[in-house]
Each structure stands twice: as C-alpha cells, then as structure tokens.
Amino acid sequence: MDTRVLKYFLTVAHTNNITRAAKQLHITQPTLSRQIMELEKELDTTLFDRNQRHLQLTEAGVLFQQRATNLLQLIDQTKDDLHQQRKELTGAVNIGCAVSTASPFLMRLVAEFQDQYPGVQFNVFDGDGDVLRRQVDEGTADLACLLEPVEAAKYNYLVLPIKEQWGVIMLKDDPLAKRESISKSDLYKLPLILPHRNIIRDEVSDVLKLDQTKLNVKASNNLPCNALELIRTGNYYAVGIKGVVAVLHDPSLCFVPFRPKKETGHVVVWRRNNMLAPAAEKFLQFVAEKSNER
C-alpha cells in the first residue's frame, strides 16, 4: 500500500469532498476518485458513504482513518530516527504519563534532558493506564509512566523512586477534611466517584476490606479534570491519589488518606522485543540514572 494513497485518503476524509481534496493535493479529480476506489478494492471494504450530499466516512472508514494517521506518523518518525546525526542526538520521544506525583518528577527530567540534547523533541500524552498502555501497544508511544501494577510479561519496565498514596479528594472546607484519615465505614456513607479501572477498585477494596456492593457510587472517571468539577459542587467525593491535588494546585480541594494506608509505585514501561529509537533509549538511560540518584 502506497503511503501517497494514504495521504490522498486522509485529505478526502478531512474535506469530505473530492473536488476540494484534489485541489489541495494538486491532482485531477478523476485521478483522486480512481485512487480512492482502488484503495477500497484493495481493502475489500467501503470507506466512504457516497449516498450523502457530502462524502462521509463509514465505520470502516473511521477505523482506517485512525490507523492510516498512526502509520504515517510512525513512518515520519522512523525517517527522522534513521537520519539522526551521530554527533548530535536528535529525533522525537513519544511519552505518556498518568496525572500523579510522578508527573512533576518526569517532566523535570524531560527539561534537564533537553538542556543536554536540545535537538530532541518530546511528544507528551496524558491518560489513564488503559489509554497509555494501548498507545505503547500500538507504537504511538515509546514509553509510558504508569501506576503499578503492570503486566510484567508484556512490557519491559523501569521502577521509579516515586510512591503514590490513595485516599479521598474532597472540598477543603468539608468537615471530613479535618480528619487525618478515611476508613471504610466513612466511605460507605459518601456519594463517591470511583476510578473506572476495575483493577484499581479491587486493589483499594482489598486493602480496606471493602464490600463494594455497599458503596454509593455516583460516577466513575479515568482522568481527574471532570471529576474535580463534580467535587466542587460539594456533592461528591472522589477515590483517588494524592498526586492529583498536588499537581493541579487547586486551593479549594484537599486530600485525606485511607486507613489502612494504601500506596502504589510507578514504572516506566516499553514494549518487549521492541528496539527503541536512539533518542528514546538515551532518555530511558537518563531516567534510570536520575532515579538511582534519589
């Protein structure tokens, strides 16, 4: 499959119009139409619904648009990696990071690394564990900083010297904010926002000996921003990590830890049997060295 045809397809998908796409690509409309039809024939599927006034992607077309975009990005990055000069490290590092106390630590290392290697660019993604692992699996992220646990058989990983504490995020003027800790009996009485990942819910439940059927679950979340908006209404409490409050610096919120204490470690993961590009490999070594210094 010619990458030129992928670019043709993405232009048509963006404009929803063969004529406008042909003008942007500086080719004739019949040529572009023929290329798209040959692509559909090669894939044995219909990418565009032609019964509408404007071209619209089919479900298969939407999926192919996502994959074609990823493929072209990977090809461009590979070209950059292959043309790196030996004397000066260049290229791009694609790294995902959960919103936690590891975020400031890792971003400081990014800044320090770029001071030494100004030719290296970083593409940083926020996300929860599911999103970040999927990016690593698909090759759109070289590295991802995750809360433990991770699938050890699937990834190589580097342990970071950063621990994360679990508890409840609430308004600072809430009566419970004066407490030193939150117990399971407290949780049963609260309207809760829980992490959407079952593995996290189960780990917290195991530590606190929770009966999840007794919890008053109002919502779930994967990233903190929208959950914090709910907390600000005064009607919700979020089970989460201390790093969220620490990173976002919202003076209206506070964090109260669980009793018994629940802590989680951080790891940087990358795919097994996958050779990292020189810039990503060098940054990983840099993180390892800085972690050992702490």
Query - For 100, 252, order by how many other beta-carbon atoms lie within 10 Å, fewest first - result: 252, 100
Report summary line: As straight-line cross-link partners of residue 154, the qualifying aspartates and glutamates (C-alpha separation under 20 Å, not fewer than 8 residues apart within one chain) are 128, 130, 137, 138, 142, 281
Query raised in the report: In units of 2.2 N^0.38 Å, what is the alpha-carbon radius of gyration of the range 97-245?
Result: 1.17
Requested in this report: Taking the Cα centre of the chain as origin, work out the dipole magnitude from +1 charges on Lys and Arg Cβ and -1 charges on Asp and Glu Cβ, in debye rounded to 20.
Outcome: 440 debye
**Report entry** Identified option (computed volume of the Cα convex hull per residue in Å³; candidates (1) 194; (2) 133; (3) 123)
**Finding:** (1)
Query raised in the report: Given 10 Å bins starting at zero, what is the percent of C-alpha pairs of the range 1-146 in each, up to the one with the largest pair distance?
Result: 10, 30, 26, 22, 11, 1
Query raised in the report: Reachable lysines from residue 41, Cα under 19 Å, same-chain residues fewer than 8 places away excluded?
Result: 7
Query raised in the report: At residue 20 and residue 197, where each label point lies 7 Å from the Cα along Cα→Cβ, what is the point-to-point distance in nanometres?
Result: 4.0 nm
Query raised in the report: Simple spin-label model, 7 Å along Cα-to-Cβ: residue 56 to residue 75 in nm?
Result: 2.9 nm
Query raised in the report: Using Cα pairs under 8 angstrom and six or more residues apart, how large is the relative contact order of the range 163-263, in percent?
Result: 53 percent
Query - the chain - mean residue ellipticity at 222 nm from DSSP helices (-39,500 (n - 2.57) per run, n ≥ 4, rounded to 500) - result: -14000 deg cm²/dmol
**Report entry** Span from the the range 120-154 Cα centroid across to the the range 155-194 one, whole angstrom
**Finding:** 24 Å
Query raised in the report: Which lysines have a Cα less than 17 Å from the Cα of residue 262, not counting those fewer than 8 places away in the same chain?
Result: 163, 184, 209, 242
**Report entry** Ranked list, fewest to most other Cβ atoms within 10 Å of each Cβ, for 194, 57
**Finding:** 57, 194
Query raised in the report: Where does the range 163-263 land on the Kirkwood hydrodynamic radius, alpha-carbon pairs, in angstrom?
Result: 13.3 Å
Query raised in the report: Is any residue of the range 154-196 close enough, with backbone N under 19 Å, to a label point placed 7 angstrom from the Cα of residue 205 along the Cα-Cβ axis, and if so, which?
Result: 166-168, 183-196
Query raised in the report: In debye, nearest 20: dipole of the range 163-263 around its Cα centre with unit charges on the Cβ of K, R (+) and D, E (-)?
Result: 200 debye
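A short reminder: the numbers here are calculations on the coordinates, not readings from a lab. It should be emphasised that the depicted structure is a prediction, and the values quoted were computed from it without experimental measurement. Note: ideal-geometry Cβ built from the backbone for every residue, glycine included; neighbour counts use all protein chains shown.
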